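See below for the structure under consideration.
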């Protein structure tokens, strides 16, 4: 098992290197530079370029990026004067992560529950209710959900704050708006997975043993049905906790999402590199975590891994 | 193996001597353990109503072994699934009849009451052991689960019982095996585990639905030996469902032959094998491949196909494929006619009003001779 983990870790590093290289090439292939949108005299521009090392040949810049990454230094942001990329991530990621985890908890618990309920009442009213919720969740974009929530719950009913990031109360609306899409996906996946599992022979065996319906659903149904969902949970966590521009903008949340998008408009090279590497590392780590969790849930994989030792 | 073969001659008295009413079990003095009376089961599909079981009646004695034979789709599995309460409703629909088990009509019981009977008083093993076990639960745990459900024991005690059951079904190294998962078991071992699971609470009745169909021949034989051996040791009643007459011959003392959702002939295994009365039974026997026959011709088959159960024929369902069919056969279905002690056949040929019964007085040559 430890050898397996070590090997997986090695692959993670290689993947990360590939991502860094690809981002570096793409980033430099895009026309323009960090100072294109600002009116500067050529002399000042030269000086600034020297300051950020942009006057050096590309291959030297590439080496510098790699070197800095090895010491976990993501460099200085060009746009946010005087702030390092590390600093920005350190300040904004926790905000996005809290929001993301809240949204995820809400989406996963409710989504799985709805999916299970729908599967158990296939073709009945509860099933259709769950399907309707899922269809709405998938098809209505989150900014629409967000503005409706702000208007109805925040403004008309005056139940929850409309925006800003101050207390738990402030997190409820954005978390709901952010999580609804995921909830819908979870509901749909869990429903179909559960339906498939419930038609398996071992469910009939469990019935023939005289187990109660609750025992059959929990011990034999859910545990098997949840396997395919665990797979997508890792990448989903990485995606949802690194923030989204739209929701953070609409609710005035100081999260990481904004920097993802704006760094590209601004050609803020260190910021682009920093956010990309950070997101990729998180994604790879979550996938890695899922693989290990999978082994804990599914004995077939656990044992196959053990044999590789 | 040889030792076990000697036991196969045990007669019913011996079996019953081995079955003293186990303490704590509601064994009634009644001889009949399970009796199915005029059972009708239909399935509602988009294409219409499929009448899968059309008035099936048969019974199993305490400690006996009954086999139900017939080709695929003849309703034999639906019948026993209804007995176990496993027929999905809807689309299934029990239109009528009774299933008396141990003095109780199972069709009148609630799902909750059925749950406490399934696995405790009735165990069932299925055709495909490869998919019948939960892949993410240790085999021992799956057996222990049944024990915990029906008996007031701790988790540890239930696990002990599971290990005991695994060794009873002759799985080597049961303690280690109990903690393994189904994918670490071979097909034959999985079926053994399924048997262990079905027998864990010492049920009065074991329903074996094609227990050897998906196994290869050598494993088939081992599983049959095991079932035979267990029946003698535990004195349980076995209801076997099969389309394999070879399997039936080894395990069962009485046989029910089904065709198109109806029982066409019942009798002891010697009645059926040496004195078959229904043309379908005889055709079925002829189509069994024989290794001891000199003639190496084409394998006998029954011409035609089974009837459409969306619109079952008004007369005998076998009439269109029967070379002895008479006018009456296509108009009216025959009622069971008594031929011997427990030998009944539903066929007009044997009716007293039929002057030229082709099978009369030819019982010595009927079906298969003892070679």
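The values are calculated or read from the model by the stated rules, or taken from the named source; none is laboratory data. No experiment lies behind these values; they were computed from the predicted model shown. Glycine also receives a Cβ, built like all others from the backbone with ideal geometry; neighbour counts cover every protein chain displayed.
Is it true that some residue in the range B:195-209 is modelled with pLDDT of 85 or more and away from chain A (no Cβ under 14 Å)?
no
Name the one entry in B:72, B:59, B:35 that is under 20 Å from the mean Cα position of the chain (by Cα) and modelled with pLDDT under 85.
After applying the criteria, what remains is B:72.
Tally time: how many residues in the range B:236-274 are surrounded by fewer than 22 Cβ atoms within 10 Å (Cβ to Cβ) and more than 15 Å from the chain's Cα centre (by Cα)?
3
Considering the range B:166-176 alone, what residues qualify as being out of contact with any helix residue (DSSP H, G or I) (no Cβ under 6 Å at 6 or more places or on another chain) and modelled with pLDDT of 85 or more?
The answer is B:172, B:173, B:176.
Just checking, how many residues over the range A:41-56 are part of a loop (DSSP other than H, G, I, E, B) and loosely packed, with under 11 Cβ neighbours inside 10 Å?
The number of residues fulfilling the criteria is 1.
Out of curiosity, is residue B:334 part of a loop (DSSP other than H, G, I, E, B), surrounded by fewer than 16 Cβ atoms within 10 Å (Cβ to Cβ) and in contact with a helix residue (DSSP H, G or I) (Cβ under 6 Å, 6 or more places away or on another chain)?
No: the conditions fail for residue B:334.
Would you be able to tell me the number of residues in the range B:89-104 that are under 16 Å from residue B:59 (Cα atoms) and away from every other protein chain (no Cβ under 14 Å)?
Number of matching residues: 7.
Which of the residues belonging to the range B:155-185 are within 19 Å of residue B:135 (Cβ to Cβ) and without any contact (Cβ under 8 Å) to a residue 12 or more places away in the chain?
Hits for the range B:155-185 are B:176, B:184.
Name the one entry in B:107, B:86 that is more than 14 Å from every other protein chain (Cβ to nearest Cβ) and either within 12 Å of residue B:200 (Cβ to Cβ) or free of Cβ contacts under 8 Å to residues at least 40 places away in the same chain (or both).
After applying the criteria, what remains is B:107.
Residue check: is residue A:63 surrounded by 11 or more Cβ atoms within 10 Å (Cβ to Cβ) and assigned to a helix (DSSP H, G or I)?
Spelling it out, residue A:63 is indeed surrounded by 11 or more Cβ atoms within 10 Å (Cβ to Cβ) and assigned to a helix (DSSP H, G or I).
Of the residues in the range B:114-173, how many are facing chain A (nearest Cβ under 8 Å) and on the phi > 0 side of the Ramachandran plot?
Qualifying residue count, the range B:114-173: 1.
For residue B:217, all conditions in the list (1) more than 22 Å from residue B:82 (Cα to Cα); (2) touching a helix residue (DSSP H, G or I) at 6+ places or on another chain (Cβ under 9 Å); (3) more than 14 Å from chain A (Cβ to nearest Cβ) hold save one; what is the number of the exception?
With respect to (1) more than 22 Å from residue B:82 (Cα to Cα); (2) touching a helix residue (DSSP H, G or I) at 6+ places or on another chain (Cβ under 9 Å); (3) more than 14 Å from chain A (Cβ to nearest Cβ), residue B:217 is out only on (2).
Pick out the one residue from B:226, B:199 that is buried (at least 18 other Cβ atoms within 10 Å of the Cβ), within 23 Å of residue B:33 (Cα to Cα) and touching a strand residue (DSSP E or B) at 6+ places or on another chain (Cβ under 7 Å).
B:199
Out of all the residues in the range B:178-191, which are in a helix (DSSP H, G or I) and within 14 Å of chain A (Cβ to nearest Cβ)?
Correct list: B:178, B:182, B:183, B:184, B:187, B:190, B:191.
List the helices (runs of 4 or more DSSP H) inside the range A:105-214, counting only whole elements, that have at least 2 residues being within 22 Å of the chain's Cα centre (by Cα) and under 22 Å from residue A:256 (Cβ atoms).
A:142-149, A:168-198
Condition test on residue A:191, is it surrounded by 24 or more Cβ atoms within 10 Å (Cβ to Cβ) and more than 14 Å from chain B (Cβ to nearest Cβ)?
yes
For (1) within 14 Å of chain B (Cβ to nearest Cβ); (2) buried (at least 21 other Cβ atoms within 10 Å of the Cβ); (3) under 23 Å from residue A:130 (Cα atoms), each residue gets a yes or a no:
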{"site": "A:170", "(1), (2), (3)": "no, no, no"}
{"site": "A:175", "(1), (2), (3)": "no, yes, yes"}
{"site": "A:178", "(1), (2), (3)": "no, yes, yes"}
{"site": "A:181", "(1), (2), (3)": "no, no, yes"}
{"site": "A:187", "(1), (2), (3)": "no, yes, yes"}
{"site": "A:197", "(1), (2), (3)": "yes, yes, yes"}
{"site": "A:203", "(1), (2), (3)": "yes, no, no"}
{"site": "A:206", "(1), (2), (3)": "yes, yes, no"}
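If you take just the helices (runs of 4 or more DSSP H) that sit entirely in the range A:219-309, which of them hold at least 2 residues that are under 27 Å from residue A:87 (Cβ atoms) and more than 14 Å from chain B (Cβ to nearest Cβ)?
A:227-241, A:245-250, A:257-265, A:269-297
What number of residues within the range A:26-75 satisfy the criterion of being touching a residue at least 60 places away in the same chain (Cβ under 8 Å) and over 27 Å from the mean Cα position of the chain (by Cα)?
7
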